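Enquirer: I have a structure here, written as structure tokens, and I will follow up with some questions on it.
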Amino acid sequence: MTCSFVAIQEGAHAGHDAAGAGLGTLPMAVLGLVMLATYALIASGKLHKLTAALCGAIVCTVLGLAFGVLHDYDEVHQVLGKDIGVLGVIVGTSILVDVAGKSGLFQFLAVKIAKQAKGDPGRLFTALVMLTVLFVSLLTIAPGTLIVASLTLVLCRTLALDAKPYLVGVAIVANSGALVTFASGICTLMIGSAAKLPYLHFFAVSTPMALLTALVAWWVVRRSYRAELRADPATAGQRADAVAAFDEWAMVPDRRVFWRSAILLGLTIVGFATAQPLGVGLDFVAMAGGAAAILFSGQNPEDAVKKVNWTVIVFFIGLFVMIGTVEHSGLLQKAAGLLGDVSGGNVHVATVVLVLFTALTSGIMDNIPVAATMIPIVSTMAVDLPAAPLWWGLVISANLGGNGTPIGSISGVIALSALQESGGGKVSWGEWFKVGGVAMALQIVVVIGWLSLFTVLDLYPALPVGK
Amino acid sequence: MSDKDDLKQQMASFEAARIARPANLAPAVIAGVVAVHDGTDQDATVDALAQAIAQRTGARLTTLAAPSGPDADPLPAMLDAAGEGDVIVVPSPFGRDYEAEGQLSLSTTIDLLLARSKAAVCVARAPVADAAACVARPVVGLQIDRHRKVAATAMALSLAKGGGELLLLSTVDPHTAIEDEELLARRFDPRDMSPEILTGLASARAAALTADLQKHAGEWHVEPRVQFALGDTVELLLEANEERCGLLVAGRDRDPRSEEAQRAHRLILSSRWPVLLV
């Protein structure tokens, strides 16, 4: 399939009255440089990502107004208004997750599942991998990884096992867990919201991919650390007894809140699945879930709200304003045109290029700015190319790309710092490449195959009109 | 709060699951309750509390009119009565012997009773609006005397079972050295630890009791809740009971010079709710 990317650009520009038309290349170049400088600061860690994004947003707003890219300041609010739903989902689910976390529900489940491994290192590894996918799919990456990583450390200490293979496994499969549902990962949520991907479509396209890529990661990590995951038959009974002694009820401070949290979480998931047919946003469901959680748990609302990841929220605000201004300059549409030219207008090639580019950049820096920048680009590309492969390709690659480096995803950062904190040593970049890098490469091959299969066989569920 | 603190708090929670060994918790048997009258207007409060305890536990209730008068010593009679019952309910200050100054001490009679009584001592402080409700929702301060926390919880459980609500308060005081060798095999300086880690330690301190209570809550028909808090145990206990208005329950060290006994003493003095020391 071919198309003219000049036409794409023009079509995309029609959506933004400013969108660079008649503004010349100077605003694009300057705003693009500010955006790149911000990303460089984030990637290098020279400035905290929140500070970098806010500074980028302020500079872009001033320049945008000066260049006439933004007609007036109200346009900044319009830019933010587009993404308010994402922020609402993050706030609502954070509150719900905090209440559910304090109820001991996930800790209870974690110990129950880990006990099934009976202390066998190989089976324990598999159990922790499954647990990670499950928890991340329900809680998003950071809280899900945190719970499994902490359980891993306690279990490994109890069983005198090396925690490294387990934590590396947890770090890598967590990014697959973020693909299970629309709300499983912040990146997934951002892209899904922008593309208006229906919640239930994830179960057809993304969930199988999550499970397949988790299987790939499980296999690679298990193979890489086969010596460490080998069981000593002489100590099997001892290990089984040590794990059996864990009492999951010790982590449940209040049974009523425990059951209420389970019910509310279930209802929220059902709410997410039915929000679009019912004509409400996911943010409405998340906020309702969060409000109900506070109401029925008896928890102090101030404490619950404190647990919202305000760093991410403020980071998002800065990022959305910066990218929105750059988008108004027309630069991102130009980038879309460039990507389109590279692909020659062929959807297979465009998808492969998009997946590879997104995966690689997500490995180098935080995948949230990568996704936020790619959204307007893909939106432009999707004017003439079939939208589904591009959006799904972006969702999957933005999440899995983080497996390429030890700093590429929040799960890697949490798991590896947990390992170091517990005295379990470091994982060098070289060691990570041999495991995470290989896993990511294989996962990307699987993803490209999967997306190509869907394109060739025309298996993608139809997206809502206009996407 | 950083991810590291979150991680340590989660780890403390899993450590709690690891170290939780069955506490063999069971409702304490309360066969007899003795209400001690001192001839003042506190007798009505003592009666109401003693009746409520007897009703909830099915215990036999007896009343002792303590000898009064300038030369009378009520203690021997009270100790005799306490030997026959499982709970003795007394007013404090006893006999209003020091009038206003009595509010500053428990009175010698009560101090001696606390040191010598074989039975648990329930000390009434101020009139209780609804004694039955107060007794049905006890609050256990586990760290008033951590060596007696299982006994205190068992006593509270016998009051709450059959439809009541039981609150266990596990605390860590960041201003005192933490001696939890049985939990952690080492001593900590709490100033080096974040609130999240200290809260995790509070959960570990209550792990065995939490597990036993939650597992058997249905069987005992009780709604147990465990709360973790940082700060002075006595102040936190009073704060937790502010709206609940339940019976405060704690362990009792018979050596009045011990830290635990002094903490219990301070609890009674600071409380307007009745305190049951086990």
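Enquirer: If you scan the stretch B:193-207, which residues turn out to be assigned to a helix (DSSP H, G or I) and either among the β-branched types (Val, Ile, Thr) or at the interface with chain A (Cβ under 9 Å from one of its Cβ atoms) (or both)?
Expert: Restricting attention to the stretch B:193-207, the residues satisfying the condition of being assigned to a helix (DSSP H, G or I) are B:195-205, B:207.
Answer for the stretch B:193-207, where residues must be assigned to a helix (DSSP H, G or I) and either among the β-branched types (Val, Ile, Thr) or at the interface with chain A (Cβ under 9 Å from one of its Cβ atoms) (or both): B:197, B:199, B:203, B:204, B:207.
Enquirer: Among the listed residues A:159, A:167, A:189, A:197, which satisfies the condition of being buried (at least 24 other Cβ atoms within 10 Å of the Cβ) and within 14 Å of another protein chain (Cβ to nearest Cβ)? Spell out the reasoning first.
Expert: Numbers: A:159 fails: buried (at least 24 other Cβ atoms within 10 Å of the Cβ); A:189 fails: within 14 Å of another protein chain (Cβ to nearest Cβ); A:197 fails: within 14 Å of another protein chain (Cβ to nearest Cβ).
So the residue among A:159, A:167, A:189, A:197 that is buried (at least 24 other Cβ atoms within 10 Å of the Cβ) and within 14 Å of another protein chain (Cβ to nearest Cβ) is A:167.
Enquirer: What pairs come out if I take residues in the stretch A:244-260 that are at the interface with another protein chain (Cβ under 7 Å from one of its Cβ atoms) and of a type in the set (A, V, I, L, M) and pair them with residues that are buried (at least 21 other Cβ atoms within 10 Å of the Cβ) and outside any helix (DSSP H, G or I) whose C-beta lies under 6 Å away, six or more apart or interchain?
Expert: Close Cβ pairs (under 6 Å, with a partner that is buried (at least 21 other Cβ atoms within 10 Å of the Cβ) and outside any helix (DSSP H, G or I)) amount to A:250/B:20; A:251/A:104; A:252/A:104.
Enquirer: Return yes or no: is residue A:222 of a type outside the set (Asp, Glu), surrounded by fewer than 24 Cβ atoms within 10 Å (Cβ to Cβ) and at pLDDT below 95? Write out each step before concluding.
Expert: Values: of a type outside the set (Asp, Glu): yes; surrounded by fewer than 24 Cβ atoms within 10 Å (Cβ to Cβ): yes; at pLDDT below 95: no.
No.
Enquirer: Could you say whether any residue in the stretch A:273-284 is free of Cβ contacts under 8 Å to residues at least 12 places away in the same chain, in contact with a helix residue (DSSP H, G or I) (Cβ under 8 Å, 6 or more places away or on another chain), part of a helix (DSSP H, G or I) and surrounded by fewer than 21 Cβ atoms within 10 Å (Cβ to Cβ)?
Expert: So far as the stretch A:273-284 goes, no, none of its residues is free of Cβ contacts under 8 Å to residues at least 12 places away in the same chain, in contact with a helix residue (DSSP H, G or I) (Cβ under 8 Å, 6 or more places away or on another chain), part of a helix (DSSP H, G or I) and surrounded by fewer than 21 Cβ atoms within 10 Å (Cβ to Cβ).
Enquirer: Out of all the residues in the stretch B:233-256, is one or more of a type in the set (Val, Ile, Thr), outside any strand (DSSP E or B) and more than 11 Å from the chain's Cα centre (by Cα)? I'd like the intermediate steps shown before the answer.
Expert: So in the stretch B:233-256, the residues of a type in the set (Val, Ile, Thr) come out as B:233-234, B:249.
Within this subset, residues satisfying the condition of being outside any strand (DSSP E or B) are B:233-234.
Checking which are more than 11 Å from the chain's Cα centre (by Cα) leaves us with B:233.
Within the stretch B:233-256 (the criterion being of a type in the set (Val, Ile, Thr), outside any strand (DSSP E or B) and more than 11 Å from the chain's Cα centre (by Cα)), the answer is yes, since at least one residue qualifies.
Enquirer: Next up: Going by the structure shown, is residue A:158 closer than 18 Å to residue A:225 by Cα and of a type outside the set (D, E, K, R)? Steps first, please.
Expert: Working: closer than 18 Å to residue A:225 by Cα: no; of a type outside the set (D, E, K, R): yes.
No; evaluated as a whole, the condition is false for this residue.
Enquirer: Looking only at the stretch A:417-432, which residues are assigned to a helix (DSSP H, G or I) and away from every other protein chain (no Cβ under 11 Å)? Lay out the reasoning, then the answer.
Expert: Step one: of the stretch A:417-432, the residues assigned to a helix (DSSP H, G or I) are A:417-421, A:429-432.
Across the stretch A:417-432, the qualifying residues are A:429, A:430, A:431, A:432.
Enquirer: Further question on the same structure: Can you pull out the residues in the stretch A:48-102 that are polar (S, T, N, Q) and farther than 24 Å from residue A:287 by Cα?
Expert: Of the residues in the stretch A:48-102, the ones polar (S, T, N, Q) are A:51, A:61, A:78, A:93-94.
Answer for the stretch A:48-102, where residues must be polar (S, T, N, Q) and farther than 24 Å from residue A:287 by Cα: A:51, A:61.
Enquirer: Give me the pairs, please: first residue somewhere in the stretch A:318-331 and without any contact (Cβ under 8 Å) to a residue 12 or more places away in the chain, second residue anywhere and β-branched (Val, Ile, Thr), beta-carbon distance under 9 Å, and either six or more positions apart or on two chains.
Expert: none
Enquirer: Determine which member of the set A:52, A:43, A:127 is modelled with pLDDT under 90 and part of a helix (DSSP H, G or I). Don't jump to the end; show me each part of the working.
Expert: Details: A:52 fails: modelled with pLDDT under 90; A:127 fails: modelled with pLDDT under 90.
None of the others qualify; the one that does is A:43.
Enquirer: In this structure, does residue B:237 turn out to be more than 23 Å from residue B:163 (Cα to Cα), buried (at least 21 other Cβ atoms within 10 Å of the Cβ) and either in contact with a Leu (Cβ under 8 Å, 6 or more places away or on another chain) or touching a residue at least 60 places away in the same chain (Cβ under 8 Å) (or both)? Talk me through it step by step, then tell me what you get.
Expert: Working: more than 23 Å from residue B:163 (Cα to Cα): no; buried (at least 21 other Cβ atoms within 10 Å of the Cβ): yes; either in contact with a Leu (Cβ under 8 Å, 6 or more places away or on another chain) or touching a residue at least 60 places away in the same chain (Cβ under 8 Å) (or both): yes.
It is false that residue B:237 is more than 23 Å from residue B:163 (Cα to Cα), buried (at least 21 other Cβ atoms within 10 Å of the Cβ) and either in contact with a Leu (Cβ under 8 Å, 6 or more places away or on another chain) or touching a residue at least 60 places away in the same chain (Cβ under 8 Å) (or both).
Enquirer: Restricting attention to the stretch B:214-223, which residues are more than 7 Å from chain A (Cβ to nearest Cβ) and either modelled with pLDDT under 95 or over 18 Å from the mean Cα position of the chain (by Cα) (or both)? Write out each step before concluding.
Expert: Step one: list which residues in the stretch B:214-223 are more than 7 Å from chain A (Cβ to nearest Cβ), which gives B:216, B:218-222.
Those that are more than 7 Å from chain A (Cβ to nearest Cβ) and either modelled with pLDDT under 95 or over 18 Å from the mean Cα position of the chain (by Cα) (or both): B:216, B:218, B:219, B:220, B:221.
Enquirer: For residues in the stretch B:158-172 being of a type in the set (A, V, I, L, M) and outside any strand (DSSP E or B), which is surrounded by the most Cβ atoms within 10 Å (Cβ to Cβ)?
Expert: At the first step, the residues of the stretch B:158-172 found to be of a type in the set (A, V, I, L, M) are B:159-160, B:166-169, B:172.
Among the residues that remain, those that are also outside any strand (DSSP E or B) are: B:159-160.
Details: B:159: 27, B:160: 29.
The qualifying residue surrounded by the most Cβ atoms within 10 Å (Cβ to Cβ) is B:160.
Enquirer: Do you know which residues across the stretch A:38-68 are over 19 Å from residue A:317 (Cβ atoms) and not charged (D, E, K, R)?
Expert: A:40, A:43, A:44, A:45, A:66, A:67, A:68
Enquirer: Got a number for residues in the stretch B:1-37 being in contact (Cβ under 8 Å) with a residue 40 or more places away in the chain, within 14 Å of chain A (Cβ to nearest Cβ) and not polar (S, T, N, Q)?
Expert: Residues in the stretch B:1-37 being in contact (Cβ under 8 Å) with a residue 40 or more places away in the chain, within 14 Å of chain A (Cβ to nearest Cβ) and not polar (S, T, N, Q): 15 in total.
Enquirer: Sticking with this one: Looking at A:385, A:394, which is the one that is within 23 Å of residue A:461 (Cβ to Cβ) and not in a helix (DSSP H, G or I)?
Expert: Numbers: A:394 fails: not in a helix (DSSP H, G or I).
Exactly one residue qualifies, and that residue is A:385.
Enquirer: In the stretch A:125-142, which residues are surrounded by fewer than 24 Cβ atoms within 10 Å (Cβ to Cβ) and either within 11 Å of another protein chain (Cβ to nearest Cβ) or closer than 12 Å to residue A:414 by Cβ (or both)?
Expert: Hit for the stretch A:125-142 is A:142, nothing else.
Enquirer: Any idea which residue in the stretch A:110-124 is nearest to the other protein chains (Cβ to nearest Cβ), counting only those that are in a helix (DSSP H, G or I) and over 20 Å from residue A:220 (Cβ atoms)?
Expert: Residues of the stretch A:110-124 that are in a helix (DSSP H, G or I), as a first pass: A:110-115, A:121-124.
Going one step further and asking which of them are over 20 Å from residue A:220 (Cβ atoms), we end up with A:110-115.
Numbers: A:110: 8, A:111: 5, A:112: 10, A:113: 13, A:114: 9, A:115: 10 Å.
Among residues in the stretch A:110-124 that are in a helix (DSSP H, G or I) and over 20 Å from residue A:220 (Cβ atoms), the one nearest to the other protein chains (Cβ to nearest Cβ) is A:111.
The values are calculated or read from the model by the stated rules, or taken from the named source; none is laboratory data. All of these numbers come straight from a predicted model, not from anything done at the bench. Neighbour counts are summed over all protein chains in view; Cβ atoms, including those assigned to glycine, are modelled from backbone coordinates with ideal geometry.
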